[in-house]
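Notes for the one structure printed next.
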Amino acid sequence: MLKTLIPWSFRGVGPFLNTYGDALLFGKIKKSPPIPVNPNAPTAFHSAVPHKYLYAYLFAIKSFLRFYSDIAVVVHDDGSLEETDMNLIRKHLPGVKIITRQFADETFNKQVNDPFLSKVRSSYTSYIKLFDCTLFSEGKRIVILDTDTLFLKYPDRVIDWCKVGGDPWFHRSPKGQWKTKSKIIADQTQNQGKHIQTLITESLSEINENLSRNYKYERGFCSGFIGYEADAIKYDELKQLFELLFEKFGDKIFKWGAEQTVHGLVLCGQGAVDLPVEDYFVHTRNNSDEAHKGTFVHFVGENRFYRRVYPKLTSQLAKELITK
């Protein structure tokens, strides 16, 4: 009981670093030279970037750009970016497009003009990925990249897709339980015993029947790194889906995990393929020793700083970026 009275950010080294460690652990990226991007490229990398993960984001995107920079880069302000943050991004990524939260809200309300979808979009920050990347897409293809990611080796599958397109794709979490016990308990408490993903997947046949759709969901689907054609997400379909989900599950659609689940339904229903899990890692306590061997690593949740693998890899990467 006492632990629940302590703010999450002060419940251990990991939570503390998650909340306050960005500049301390990743600030060295400021010493690296700029990498220009191509705003007219057919493929754009979109990221929702908060102030507290600014430097981590620069590591994430530059770790890819050092291999291939003929992409557009779009930064979506979650509402916390400061003017100095945006100037730093522009300095390091010449040609980047930054969408402020205020401008995004105004544009969505004006162009989409749907109060219910506006409510869904504004309920949780991750919905920026689902709604805003399509709203501000100018090229043929969209890649969504979370800030807590790194490319360690040349990602040939992804770069080939950026050049010529193809089926949508995603990376997945490994099978089995990888969350810490405290996270599992928190999820169960927040969702009154069942996570929104579980509720939706258990009702998937009924949802498809009601909407005359062919939604699918691949276990382990992770929306922190996904790619699809720019016309894959359609607002009219999202409205029908969310109205049904709200009718069935109420406010649970406004909670953590709903964006990822809906992204998965749409893309898996369109035949999305998964990247090899042995090359495109979701870092867990079980595979931490192997993370450095991956092509791409996603450091999620409470496991982000387990055994300090993440900051160790960024330190190695910083040397490469700074001396390149």
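Where a number appears in this text, it was derived from the coordinates with a stated rule and is not lab data. This structure is a prediction, so every number in the text was calculated from the model and none was measured. Note that each Cβ is placed from the backbone with ideal geometry, even for glycine, and that neighbours are counted across all protein chains shown.
Some notes on this structure:
- Pairs of alpha carbons in the chain whose separation is greater than 25 Å (percent): 50
- Farthest toward positive dipole pole in the chain [+1 Lys/Arg, -1 Asp/Glu at C-beta], among VAL73, PHE59, VAL120: PHE59
- Reachable aspartates and glutamates, given that their alpha-carbon falls under 19 Å from the alpha-carbon of LYS216 and they are not under 8 places away in the same chain: ASP167, GLU202, GLU206, GLU229, ASP231, ASP236, GLU237, GLU243, GLU259, ASP274
- Each Lys or Arg adds one and each Asp or Glu takes one away; over the other residues whose Cβ falls under 10 Å from the Cβ of HIS51, this sums to -4.
- Computing FRET efficiency as 1/(1 + (r/R0)^6) for LYS91 and ASP70, where r is the C-beta to C-beta distance and R0 is 25 Å, gives about 0.80.
- For the chain, share of DSSP beta bridges that run antiparallel, in % to the nearest 5: 40
- Taking the inverse of the mean reciprocal distance over all distinct Cα pairs, the Kirkwood hydrodynamic radius of region 191-324 comes to 17.0 Å.
- For the chain, size of Cβ-based charge dipole, Lys and Arg +1, Asp and Glu -1, in debye: 1300
- Alpha-carbon centroid distance for the pair region 65-81 / region 209-240, whole angstrom: 23
- Here's how it looks for HIS171: its modeled amide H is under 5 Å from those of CYS222, PHE225, LEU275, which are all 5 or more places away or on a different chain.
- In units of the compact-protein estimate 2.2 N^0.38 Å, region 285-324 shows a Cα radius of gyration of 1.22.
- Considering only THR198, THR43, VAL96, and ranking their Cα positions along the charge dipole of the chain that arises from unit charges at the beta-carbon of Lys, Arg, Asp and Glu, the one farthest toward the positive end is VAL96.
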